[in-house]
Amino acid sequence: MQTPSSPTAGHEPQSTGFGEYLGILRKRRKLLLLVALPIVAIGAALAIALPDVYRSSGQIELEGAQNIRQNPNALAQDPDESPYADQYVRSLSTVVLSDRNLAKLLAEHQLYDDQAEDPAGALEELRGDIKVDIVTVPILDPNTGRERDVVTAFTVAYDNRQPQRAQEGAEWLVNSFLQENRNDRQRQAAGKAKFFAREAERIRTHVAGLEAKLSEFKSKNVGKLPELNELNLNVMDRTESDIQDVESQMQALRRERVFLVSQLQQARAASPEQASVRALEEEYARKSVQYDQSHPDLIMLRRQIDQLKAGGSSSGMSLKAQLQTQRSILAEARQRYSEDHPDVQRIQRNIDSLQARIASGETTDATAAVDSPMAMQVQTQLNATDTQLAALQARAMELRTKLSGLEGRIVAAPEVEREYQAVTRDLASARAKYDELLRRQMDAEVSEAAIAGGTADKFRVKSSPKIPEEPAKPARAAIVIIAAVLSLIASVTTVIVAQLFDTTVRGARDIQDILGVAPLTAVPVIKHSRGGKRKAAAPAYAATAAVAVLFMACIVVVRFMA
């Protein structure tokens with residue numbers, strides 16, 4: 001066994017030093033290089049051979065994101081802010097990145113050289129080159145007082161080997177996101193408008209039914225409605241006042257009737273010859289104060305006075321003479337009054353009676369001898385008084401019936417008011433709901449029109465895709481560094497494993513570990529001809545390096561040819 005000479009060969013070291021580790025690495029440098037050089041060569045080849053990939057990206061900002069970043073309290077003030085914005089963006093990504101939509105992109109733009117020959121492969125490669133990332137900002141939630149992330153925007157990126165194609169694809173994707181968001185919101189607005197229209201039509205039918213019910217209720221309770229209570233009370237007061245007036249008139253007529261009955265009895269008790277001209281003249285003077293000179297009663301009194309002054313009497317007048325007299329009186333009365341006047345109707349009845357008596361064969365008035373002209377005048381007044389009294393009694397009965405009806409309305413008013421308020425309350429509520437639905441329908445239609453016109457977008461392009469100037473990947477320096485680190489780890493690990501499994505005794509420490517005793521002395525290494533071995537190992541290193549260089553050259557050639 002040969003060991004290196006050492007001044008302390010007779011004394012075994014207690015621990016392995018750093019120099020011993022370096023010695024192990026020097027002795028196994030061949031193995032170290034054989035493992036490390038290929039890894040480094042592969043890493044360098046990859047760093048050189050991988051093609052440049054350019055990335056173009058655009059950022060789309062959500063509406064209100066700027067306000068949320070500047071004022072977190074706007075999150076609580078904005079009820080439309082959705083905590084599920086990231087889910088909405090992902091749902092849009094599902095639609096935008098669907099096969100049908102991406103096929104449109106490939107049909108409009110030439111993004112890959114072989115997309116016409118292999119559309120399915122180009123579609124799959126396109127999907128893998130697209131990246132959609134959510135952009136969030138941390139804020140202090142004013143509702144909970146805790147910090148949370150709020151989605152404010154998202155980025156759409158597209159990778160391609162050519163920068164122009166990368167920009168075209170990214171721009172198309174950004175526009176597709178905007179258009180899909182617009183279409184989605186337009187569909188939602190149209191759905192809301194249709195829903196509100198259906199609900200408005202349903203409520204309108206309900207309102208029509210309630211209005212019909214209210215109309216039927218009003219028809220059933222005419223005069224009993226709450227808004228007519230004050231009117232009913234006023235009419236009731238006027239009716240009571242009218243009843244009092246009618247009763248006062250009836251009392252006056254009753255007193256006058258008693259007076260006329262007394263006068264009639266006195267006139268009938270006296271003979272026609274005793275009815276003096278003076279009494280008729282007094283009667284004429286009394287009535288001339290109340291009536292005009294052309295009144296039929298005054299005319300009749302004048303005729304009677306003239307007849308008595310001439311020495312005649314109406315008792316001896318024939319029926320034809322009386323008929324002629326009554327006709328002349330009727331003619332004068334018609335010039336003064338209408339056909340409906342009571343005096344005209346009374347004179348007409350006297351004429352009809354005289355004509356009937358003349359037609360029956362009578363020539364003289366048998367009853368005329370009984371009553372004097374004064375008695376006839378009083379009887380006429382008494383008949384008129386009875387007629388007026390009967391009319392006032394009928395009027396009083398009518399007013400009392402009306403008053404009873406008004407009292408019934410006033411009594412029934414509370415119950416009618418309760419039912420009326422229930423009907424009107426339901427109608428008012430239905431009308432308010434109908435107006436609200438119409439307003440919401442109009443708002444939804446206006447929103448739909450605004451979205452279709454592009455004036456109410458919830459997305460805003462914060463940064464448009466641009467043509468990239470530098471490739472985004474691969475990271476060549478990182479690949480080389482990683483390859484170097486991996487080669488170092490792999491080579492050192494290989495050396496350690498080889499050292500552990502090597503059973504060759506190479507020093508005094510190995511002897512002590514095997515035999516358990518320290519060696520007495522150590523024979524130094526005798527230098528002899530080992531140049532041949534070293535020269536024999538040189539071709540191995542050269543071959544390894546040549547293989548690595550050749551591999552790298554092939555990769556570079558393939559890359560540039562591609």
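Between Glu63 and Gln87, what is the label-to-label distance in nm when each label sits 7 Å out along the Cα-to-Cβ direction?
2.1 nm
Answer with one residue from Thr401, Ser429, Phe459: the one whose Cα lies farthest towards the positive end of the charge dipole of segment 340-469, charges on Cβ with Lys, Arg +1 and Asp, Glu -1.
Phe459
Rolling a 1.4 Å sphere over the protein heavy atoms, what is the accessible area per residue of segment 458-511, to the nearest Å²?
Using a 1.4 Å probe on heavy atoms only, each residue of segment 458-511 averages 67 Å².
Just to verify a number: what accessible area does Asp242 come out at with the full protein assembly present, 1.4 Å probe, Å² rounded to tens?
Per-residue accessible area (Asp242): approximately 60 Å².
I want to check the label-to-label distance for Ala321 and Ser404. Put each point 7 Å from Cα in the C-beta direction and report it in nm to one decimal.
Once both label points are built, they end up 5.5 nm from each other.
Using the beta-carbon distance between Ile514 and Leu50 and R0 = 51 Å, what value does 1/(1 + (r/R0)^6) give for FRET efficiency, to the nearest 0.05?
Values: r = 52 Å, r/R0 = 1.01.
The calculated FRET efficiency here is 0.50.
Return one whole number: the accessible area per residue of segment 81-191 in Å², for a 1.4 Å probe.
With the other protein chains kept in place, segment 81-191 gives 52 Å² per residue.
Between Asn183 and Leu214, what FRET efficiency comes out of the Förster formula 1/(1 + (r/R0)^6) with R0 = 45 Å and r the beta carbon distance, rounded to 0.05? Display every interim value, and only then the final one.
Numbers: r = 46 Å, r/R0 = 1.01.
With R0 = 45 Å, the Cβ-Cβ based efficiency is 0.50.
How big is the dipole moment of segment 85-159 about its Cα centre under a simple scheme where the beta carbon of each Lys and Arg is +1, that of each Asp and Glu is -1, and everything else is neutral? Debye, nearest 20, please.
Using Cβ point charges on Lys, Arg, Asp and Glu, segment 85-159 gives about 540 debye.
About the Cα centre of segment 394-474, what is the dipole size in debye to 20, counting +1 per Lys and Arg Cβ and -1 per Asp and Glu Cβ, all else neutral?
Charge dipole, segment 394-474, about its Cα centre: 140 debye, nearest 20.
The values are calculated or read from the model by the stated rules, or taken from the named source; none is laboratory data. These numbers were taken from a predicted model, which means no experiment stands behind them. Every residue, glycine among them, receives a Cβ derived from its backbone with ideal geometry; neighbour counts consider all protein chains shown. SASA here: full protein model, heavy atoms, side chains in, ligands and nucleic acids out. Shrake-Rupley method; radii C 1.70, N 1.55, O 1.52, S 1.80 Å.
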